[in-house]
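The values are calculated or read from the model by the stated rules, or taken from the named source; none is laboratory data. Model, not experiment: these values are computed from the prediction. We place every Cβ from the backbone using ideal geometry, glycine too, and count neighbours over all the protein chains shown. Surface areas here come from the heavy atoms of the whole protein model, side chains and all, with no ligands, DNA or RNA. Shrake-Rupley method; radii C 1.70, N 1.55, O 1.52, S 1.80 Å.
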Amino acid sequence: HGELSSGYPNKTVTLAATDTREELTRRLAEVRTAHERYRAIVLVAHSNANGLQMTDDDFCIWTTLASWLSALAPEHLFLVACDAGQFTGVCTLFKHLPSLRKVYASPVPISPAQAQHLTLLIRQLITDRRVDETTLRLAQGISFLAHRGVLFRWTRADCQARNELRGHAQTIAAQFLK
């Protein structure tokens, strides 16, 4: 948080660290009050294919996460959480978050070293208002070569019915790369 805040003084970077559901609810209300919307959200949590462990005492399925994020209207979501980039969960987020355009996440377990490569993408999004293909492929390549990390970028189009088989195949193939 501090690294992004100091590197981009003209951008709003908000940290909402929490340990309990009560604290999460309070912090989300504060965040919503502070700004109308957040173009990009970075979530760091424990997770699996079914959802995220947002606090020490609360596991939420993907639809619950979407309902918590809906008032913030994110366009980009970075999930630094194991297995959070699997096709079914990501498509659930797209279905319930109409503002969402892209999700960046790993469909397999992710380590802190692998997660550092998402920083390249976050920095470019803040600086250029988009993540270009070259930077995406560079981050994906470095993550894989250095740490056997797998990073996906999913779009709303990836979740259309005609792409369902490919999406599931990508998620399954990623299991062999870890």
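Farthest toward the positive end of the dipole of the stretch 1-126, out of Gln53, Leu65, Thr20, is the Cα of Leu65, where the dipole comes from beta carbon charges about the Cα centre.
Leaving out ligands, DNA and RNA, what percent of the accessible area of the chain is carbon and sulfur, probe 1.4 Å? Don't jump to the answer; show the numbers that get you there.
Working: 5190 of 9360 Å².
Answer for the chain: carbon and sulfur cover 56 percent of the accessible area.
Projecting the Cα positions of Ala84, His168, Gln116 onto the charge dipole of the chain (unit charges on Cβ atoms of Lys, Arg, Asp and Glu, taken about the Cα centre) puts His168 furthest along the positive direction. Looking at the stretch 12-130 alone, DSSP beta bridges between its own residues are antiparallel in about 45 percent of cases. Please give, to one decimal in nm, the separation of the simple spin-label points placed at Thr64 and Ala173, each 7 Å out from Cα toward the Cβ. A separation of 3.3 nm, rounded to one decimal place. Summing +1 for each Lys or Arg and -1 for each Asp or Glu among the other residues whose beta-carbon sits under 12 angstrom from that of Leu69 gives +1.
Restricting to DSSP H runs of at least four residues, report the calculated mean residue ellipticity at 222 nm for the chain, -39500 (n - 2.57) per run over all residues, nearest 500 deg cm²/dmol. The partial results should precede the final answer.
Details: 8 runs with 83 residues, N = 178.
For the chain, the value works out to -14000 deg cm²/dmol.
Summing charges over all other residues whose Cβ lies under 14 Å from the Cβ of Thr55, with Lys and Arg as +1 and Asp and Glu as -1, gives -3. Across all directions, the average flat footprint of the convex hull enclosing the Cα atoms of the stretch 75-178 is 6.0 nm².
Charge tally around Arg156: other residues with Cβ under 15 Å, Lys/Arg +1 each, Asp/Glu -1 each, net +3.
Explain nothing, just the number: dipole magnitude of the chain about its Cα centre with +1 on each Lys and Arg Cβ and -1 on each Asp and Glu Cβ, in debye rounded to the nearest 20. Mind dumping the intermediate values first?
Working: 20 positive and 16 negative charges, 135 e Å.
Charge dipole of the chain: 660 debye, to the nearest 20.
Residues in the stretch 47-79 near a label at Lys95, defined as backbone nitrogen under 12 Å from the 7 Å Cα→Cβ point? Answer for the stretch 47-79: 62-64. Averaged over its residues, the chain has an accessible area of 53 Å² per residue, based on protein heavy atoms and a 1.4 Å probe. Annotation: amide H-H contacts under 5 Å for Gly85 (H modelled 1.01 Å from N, sequence separation of 5 or more, or interchain): Ser106, Val108.
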